[in-house]
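What follows is a short report on a single structure.
Quick note: the coordinates plus some simple rules give every number you see, no bench work behind them. Fair warning: this is a prediction, and the values are worked out from it, not measured in the lab. Positions of Cβ are generated from backbone atoms using ideal geometry, with glycine treated the same way; all protein chains shown enter the neighbour counts.
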Amino acid sequence: MPPLREFQSVVRVAGPILAVSGIDDAGYNEVVTVLLPDGTVRTGQVLESRKGMAIVMVFGGTRDLDCDITAVRFTGRPMTMPVSKEMLGRIFSGSAEPIDGGGAVVPEKEMEISGYAINPTKREFPQDSIETGISAIDGMNTLVRGQKLPVFSGSGLPHSLLAAQITRQARVRGSDESFAVVFAAMGITHEEARFFIDDFSETGAQAHAVIFLNRADDPAIERIVTPRLALTAAEYLAFDLGMHVLVVMQDITAYCEALREVSAAREEIPARRGYPGYMYTDLASLYERAGRVKGRPGSITQLPILSMPDDDITHPVPDLTGYITEGQIVLSRELHRKGIYPPIDLLPCLSRLMQGGIGEGRTRADHANVSSQLYAAYARGRRLAGLVAVIGDEGLTDVDRLYLTFLDRFEHEFVGQKRDEGRSFDETLDRAWELLSIFPKDELNRIDPKYIEEYYRGGTG
Amino acid sequence: MTESSIIRITGPVVEADRMRGAQMYEVVFVGEDELIGEIIGLHNDTATIQVYEDTTGITPGEPVRRSMMPLSVELGPGLLEMIYDGIQRPLTELGEISGDFIVRGISAPALSREKRFHFTPSLSQGQTISGGAVIGSVPETNKIVHTILLPPDLSGTVERIADEGEYTVDETILWLLDTTGTVKEITMLQRWPVRVPRPIQSKLPAIRPLITGQRVIDSFFPIVQGGTAAVPGPFGAGKTVVQHQLAKWSDADIIVYVGCGERGNEMADVLRQFPALVDPKTKEPLMKRTVLIGNTSNMPVAAREASVYTGITIAEYYRDMGYSVALMADSTSRWAEAMREISGRLEEMPGEHGYPAYLGSRLADFYERAGRVKTLSGEEGSISVIGAVSPPGGDFSEPVTQNTLRIVRVFWALDADLAHQRHFPAVNWLLSYSLYSDLVAPWWEKHGGSEWGKMRSDLLALLQKENELQEIVQLVGPDLLPEEDKFTLNVATLLRESFLVQSAFDPVDTFCPPEKQYRMMTLIHRYYRLGHHAVGEGMTAAGIQQLPVTARLSRMGPMPHEEFESFYPKTLEALDTAFPGGED
């Protein structure tokens, strides 16, 4: 790309987009600096380039821009960020400016923030299960290192509590390798941001954390770069320094709204609900940065959090996310109302990488069978509960009643746990057997008889 | 020609001027980095180009170089066991060049130029041959003989043919005197444009099922060799596991697996498992019959658009040798979305949901390349295509699902509710269909037994009946049902849980041979008939449920096949003892 060029020829400003005339050689995705009349500086990126014109997206928004004095400086390079081990323990803005009062980071390396796709043949298949200490996840939707497992939530649900608890408790059995947390906040409130920072500093996680904050009142377009900065930092920590990095990104819905805003300003043809047709590809460029690479010790595990507008799982944001991520954890308003924490609605939850991460030598040999049986029993319990609501419980058989007992105890004793309670894999599975032992042995048709022999605690029936 | 240059860049779409003479779908090299692109629009001397790599940093004024060739794939020995990206760049070799991440502007030949193959000629001097004729053969793996065919568009007289020996793919093996009097040098390496179907003599009707070892598919909703099927389902319903199962266990000779816009970790899983798994038919590692195309969701979108064409062209090449090929495309929705994205950048008038108006015809063109055919050399070959569809929100009324259903003949509808109960494969038996069931009945009657058609329709009717009864139960509860209906519900549960549920992760259950499927079906069917009669004679449904033989029928799937051999006659006997009254 050519070197620095400056133009004072903004010809059009619309939403977060501006057009600069007179430039023949703007590079696609090139970074620009916008110098406002009052001396403020904002960063932007070229979205479209043609002879004599460049279309630029401005991350700080276009307020106070004019078509007269405002100058646009084309830097001749794609967007990069300085990275260093010193980033650990620091807090940055949504565009990577330090906001914790500390000085600038002394870079060890400059990295392109858009990242490169990991060659699929160089990926290591993720198999190290992470013990989050939460039964509903560990027992039924095990998370593994290198996975991307989003939390689908809704407004007013305790997703932040859950994410903080996972961050605090997550560990890999028999491993004391170095770990780090990268937290990217996009459009979350000051209070939520404060909650995470406080939680991190109380538990000592702060020293291992890199935090990027774009809050609800920060420029919306900045949200497009925030997760990319966070993931670039994560890639450096994971693949250059060999750390195990957990990336928490909240809220993906706010990110997608920023994408929609840019798309609308460019008058693009929308797909569903006004979101751009390339949103799947764009989200994939974030989520696919999770993983492990053969021959490198580190890993990137992602825990994106998104709020489903009106709790609608078919909304484009959760929908496209679910098609890219390796499963999902779904929170339920109904369980939350019943006072169950964490209110994880297990039926729509899934961890696609669970099968490789559990079993003999990883968690426990009976894990897969137990999980499958719990699912079948819980689904049947829920169906019966629905039936009882309509026709009463007179017509139920004795076995049906056992399922109702199971349902109630399962939600309270297995799914429900305290906010500071961490259960080991063994504790989770033992608890599962306690509940499965409500049933006679014949009902446990998804469990190998040898495990029933070993773990079943009910009567002989 | 060298003066062509870029005038506009917007994402993966680039415009270049002074391109007079360029052709639609010609490959061009874009910018200083020579990124690979393809012309998808022409307006006077301005060409619109979709670029198969990330265009970051490209500026107007950079050169565009023409290749004078349409987007083509390299065909020849050495395709098997390879993993390519959407435009047939070998990913393992790219990794050797650029390391763990795919950077821009790198390339490597699709087929190794160093590796030597043992070529045996089957022509002699002076023979007159036409397109598709067999030149010779190469043992590509222990079980796959790679036939070298004359490119379909050539014909002439053999001037000279290479002796038996070791050759690389770019050494001349045939000197052909064509009708114009020039001698053409033919190598084992040939190119074919991906968007053009390879010619055949004629299409043939399908006759034989493609056995997949998946009970719900083979026994209830079968596909044939040369058939087409769609697997739509919301996320988490198990599309990818179904596709992987078919790639692993279906009894095709060659598998082409196209991971189109899907997850990187899934490709890593395939690469981990396939070399270790053994093909039940040939006892060779599965990888030895597989070609993988992996264009994950974060790889360039235009290459995703090309990936299904790359895959089907390779499939056609092996079909032309007389093999039965199965192609899995996961997911065709990502392919359609890639089309939508490119179409949007071209500012074309959109059709439904923003998809281009030509979505339906592109899908039809693709699926029409499937089929059982008589090849140019007179062999019989087939391509079966199984496309996954990812409908937004799991809503089957969306354009990609609907346009696909107009073409394919098998529909395996995956269901979120079944997946939530961990009923896998989550194929909904009420929505799914197969238009091939009558076609494959003779095969099943020969290889399973004469009752196949009847048992299948009885059991499907049973599931339909269960659905009606469930609606009544929702209103009045199960207690008020007559004993006969209670028994029907119990048998339906048994059928679902011990026959339709099949664990892909269980070492035995993952593949169920057709003979075992038939016998399992026989046992359940017989139980149903005998029990039905017994209820008529006054036995209660609960009483039948308590019989030891009922429990016997509940764990057949994971039972080792040898054990099942003796289990089957014993259980038939046990059924007769338990129900002395016989059938209706």
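When you count, for each residue, the other Cβ atoms within 10 Å and take the mean per peptide, how do B:433-440, B:559-566 rank with the highest first?
Going from most to least packed, we get B:433-440, B:559-566.
Would you mind computing, in nm to one decimal, how far apart the modelled labels at A:Asp312 and B:His561 are, each placed 7 Å from Cα along Cα→Cβ?
Result for the modelled spin labels: 5.0 nm.
How far apart, in nanometres, would the label points at B:Thr120 and B:Ser457 be if each is projected 7 angstrom from Cα along the Cα-to-Cβ direction?
Using points 7 Å along Cα→Cβ, the separation is 4.9 nm.
Quote the relative contact order of chain A in percent (integer), defining contacts as alpha-carbon pairs under 8 Å separated by 6+ residues.
16 percent
With +1 on the Cβ of every Lys and Arg and -1 on the Cβ of every Asp and Glu, and nothing else charged, how large is the dipole of chain B about its Cα centre, in debye rounded to the nearest 20?
In total the dipole reaches around 660 debye.
Provide a whole-number value for the mean count of partner chain Cβ atoms within 10 Å of the Cβ atoms in peptide A:13-25.
Mean partner shielding for this stretch: 1.
For the residue pair A:Ser21 and B:Leu435, what label-to-label distance in nm results when each label sits 7 Å from Cα along the Cα-to-beta-carbon direction?
5.8 nm
Please compute the volume of the convex hull spanned by the alpha-carbon atoms of chain B and report it per residue in Å³. Can you show the working numbers first?
Values: hull volume 92.4 nm³, N = 584.
Hull volume over Cα atoms, normalised by residue count, gives 158 Å³.
Which residues' amide hydrogens lie under 5 Å from the amide hydrogen of B:Leu35, considering only partners 5 or more residues apart or on another chain, with H built in the peptide plane?
B:Val30
Within the range B:1-47, list the trypsin sites (Lys or Arg not before Pro) lying in a DSSP loop whose Cβ has at most 13 other Cβ atoms in a 10 Å radius.
Sparse-neighbourhood loop trypsin sites (Lys or Arg not before Pro): B:Arg20.
With charges set only on the Cβ (+1 for Lys and Arg, -1 for Asp and Glu), what does the dipole of the protein assembly as shown come to about its Cα centre, in debye to the nearest 20?
1020 debye
Please average, across the residues of B:383-391, the number of beta carbons from any other chain that are within 10 Å of each residue's own beta carbon, and give a whole number.
1
Report the relative contact order of the range A:347-461, percent, no decimals, based on alpha-carbon pairs under 8 angstrom and at least 6 residues apart.
Relative contact order here is 29 percent.
How do A:Glu177, A:Glu443 rank when sorted from fewest to most other Cβ atoms within 10 Å of their own Cβ?
With the fewest neighbours first, A:Glu177, A:Glu443 line up as A:Glu177, A:Glu443.
Most exposed first by the Cβ proxy, i.e. fewest other Cβ within 10 Å, how do B:Asp163, B:Asp17 rank?
In order of increasing Cβ crowding within 10 Å: B:Asp163, B:Asp17.
So if R0 is 41 Å, what FRET efficiency would A:Val41 and B:Val103 give, r being the distance between their Cβ atoms, rounded to the nearest 0.05? Walk me through the numbers on the way to the answer.
On the way: r = 31 Å, r/R0 = 0.75.
Rounded to the nearest 0.05, the efficiency is 0.85.
Among the chymotrypsin sites (Phe, Trp or Tyr not before Pro) in the range A:208-307, which ones are in a DSSP loop with at most 10 other Cβ atoms within 10 Å of the Cβ? Mind listing them?
On the way: sites: A:Phe212, A:Tyr236, A:Phe239, A:Tyr255, A:Tyr278, A:Tyr280, A:Tyr287; in loops: A:Tyr278.
Filter output for the range A:208-307: empty list.
Projected onto the charge dipole of the range B:234-368 (+1 at Lys/Arg Cβ, -1 at Asp/Glu Cβ, origin at the Cα centre), which of B:Leu327, B:Thr313, B:Leu359 gives the Cα projection farthest towards the positive end?
B:Leu327
Any lysines with Cα under 28 Å of the A:Lys418 Cα? List them, leaving off those in the same chain fewer than 8 positions away.
Reachable lysines: A:Lys148, A:Lys338.
In vacuo Debye scattering of the range B:44-109, one point per C-alpha: log10 I(q)/I(0) at q = 0.12, 0.13, 0.22, 0.25 Å⁻¹?
-0.43, -0.50, -1.15, -1.30
Compute the label zone of A:Asp68 within the range A:14-45: residues whose backbone N is under 14 Å from the point 7 Å along Cα-to-Cβ.
Under 14 Å, as judged by backbone N against the label point of A:Asp68, lie A:37-38 of the range A:14-45.
Kindly write out, for the range B:567-582 in residue order, the coupling ³J(HN,Hα) from the Karplus curve 6.51 cos²θ - 1.76 cosθ + 1.60 (θ = phi - 60°), rounded to whole Hz, with x marking Gly and Pro.
Whole-Hz 3J(HN,Hα) from phi for the range B:567-582: 4, 4, x, 4, 6, 4, 5, 4, 5, 5, 5, 5, 10, x, x, x.
State whether the range B:201-336 is rounded, prolate or oblate according to the following rule on the C-alpha gyration tensor (a ≥ b ≥ c being the square roots of its eigenvalues): a/c under 1.5 gives rounded; otherwise a/b larger than b/c gives prolate, and the remaining case gives oblate.
Since a/c stays below 1.5, the shape of the range B:201-336 is classed as rounded.
Using the 10 angstrom Cβ neighbour count as an exposure proxy, how do B:His146, B:His244 rank, fewest first?
B:His244, B:His146
Run the numbers for B:Gln201 and B:Asp178: contour at 0.36 nm per residue of separation, minus the present Cα-Cα distance, in nm. Kindly include the intermediate steps, with their values, before the conclusion.
Numbers: separation 23, 0.36 × 23 = 8.28 nm, distance 2.14 nm.
So the extension gain works out to 6.1 nm.
Which FRET efficiency, nearest 0.05, do B:Leu42 and B:Glu368 yield, Cβ-Cβ r, R0 25 Å?
Numbers: r = 26 Å, r/R0 = 1.05.
Taking R0 as 25 Å, the efficiency between B:Leu42 and B:Glu368 is 0.45.
Determine which lysines satisfy two conditions relative to B:Lys283: a Cα distance under 22 Å, and not lying fewer than 8 residues away in the same chain.
Partners within reach: B:Lys143, B:Lys248, B:Lys516.
Go through the range B:65-128 and name the trypsin sites (Lys or Arg not before Pro) that are in a DSSP coil and have 14 or fewer other Cβ atoms within 10 Å of their Cβ.
B:Arg113, B:Lys115, B:Arg116
As a check on your grasp of the helix formula, calculate [θ] at 222 nm for chain A: sum -39500 (n - 2.57) over DSSP H runs of n ≥ 4, divide by the residue count, round to the nearest 500.
After summing the helix terms and dividing by the residues of chain A, the value is -8500 deg cm²/dmol.
Using modelled backbone amide H atoms (1.01 Å from N, in-plane), which distant-in-sequence or interchain residues come within less than 5 Å of B:Arg8's amide H?
Here B:Glu15 satisfy the definition.
Which whole-angstrom value gives the distance between the alpha carbon centres of the range B:391-407 and the range B:229-247?
The range B:391-407 and the range B:229-247 have Cα centres separated by 15 Å.
Place a +1 charge on the Cβ of each Lys and Arg in chain A and a -1 charge on the Cβ of each Asp and Glu, then give the dipole magnitude about the Cα centre in debye, rounded to the nearest 20.
800 debye
In a shell of Cβ-Cβ distance under 14 Å around A:Ala104, excluding A:Ala104 itself, what net charge do Lys and Arg (+1) and Asp and Glu (-1) give?
Working: positive: A:Arg90; negative: A:Glu86, A:Glu97, A:Asp100, A:Glu108, A:Glu110.
Net charge around A:Ala104: -4.
Whole-Hz Karplus ³J(HN,Hα) for the range A:14-19, in order, using 6.51 cos²θ - 1.76 cosθ + 1.60 and θ = phi - 60°, x for Gly and Pro?
Result, rounded to whole Hz: 9, x, x, 10, 9, 10.
What list of ³J(HN,Hα) values in whole Hz, one per residue of the range A:310-318 in order, does the Karplus curve 6.51 cos²θ - 1.76 cosθ + 1.60 (θ = phi - 60°) give from phi, with Gly and Pro shown as x?
6, 6, 8, 6, 8, 4, x, 5, x
Just want to confirm a number: the relative contact order over chain B, from Cα pairs under 8 angstrom separated by 6+ residues, in percent.
13 percent
Identify, among A:Trp433, A:Ser371, A:Val399, the residue whose Cα sits farthest towards the positive end of the charge dipole of the range A:356-445, taking +1 on the Cβ of Lys and Arg and -1 on the Cβ of Asp and Glu, with the dipole about the Cα centre.
My answer, from the dipole projection, is A:Ser371.
Residue farthest toward the positive end of the dipole of the protein assembly as shown, with Cβ of Lys/Arg at +1 and Asp/Glu at -1: which of A:Met53, B:Gln201, B:Val301?
Toward the positive end, the furthest listed residue is B:Gln201.
Summarise the partner chain shielding of A:271-284 as one whole number: the mean count of Cβ atoms from other chains within 10 Å of each residue's Cβ.
The shielding value for this peptide is 6.
Between the range B:432-455 and the range B:320-343, what is the separation of their alpha carbon centroids in Å?
So the separation of the two Cα centres works out to 29 Å.
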